[in-house]
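Where a number appears in this text, it was derived from the coordinates with a stated rule and is not lab data. Just so we're clear, the structure is a prediction, and the values are computed from it rather than from any experiment. All Cβ positions, glycine included, derive from the backbone under ideal geometry; neighbour counts span all protein chains shown.
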């Protein structure tokens, strides 16, 4: 059985600062979205479920966008 990974969010500017292009290519090539530079993650309660909404701008000719990311407790 194949396991799937959903979007990955982090408070860092990239998953791997030393080899960011390789990591981005591998993750995005597997359909894993990367949401970088999130703030205030420490305010999310440990062990509680929440939904994250990340709304990108519709930019033509780009492969990424700034987002307004919010977390809503379940």
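What to note about this one:
- Residue that is nearest to the chain's Cα centre (by Cα), among those in the range 64-74 that are part of a strand (DSSP E or B) and exposed (fewer than 10 other Cβ atoms within 10 Å of the Cβ): 68
Yes or no, residue by residue, for (1) surrounded by 13 or more Cβ atoms within 10 Å (Cβ to Cβ); (2) without any contact (Cβ under 8 Å) to a residue 40 or more places away in the chain; (3) touching a strand residue (DSSP E or B) at 6+ places or on another chain (Cβ under 6 Å); (4) farther than 22 Å from residue 74 by Cα:
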residue: 1; (1), (2), (3), (4): no, yes, no, yes
residue: 8; (1), (2), (3), (4): no, yes, yes, no
residue: 11; (1), (2), (3), (4): no, yes, no, no
residue: 14; (1), (2), (3), (4): yes, yes, no, yes
residue: 18; (1), (2), (3), (4): no, yes, no, yes
residue: 37; (1), (2), (3), (4): yes, yes, no, yes
residue: 45; (1), (2), (3), (4): no, yes, no, no
residue: 53; (1), (2), (3), (4): no, yes, yes, no
residue: 62; (1), (2), (3), (4): no, yes, no, yes
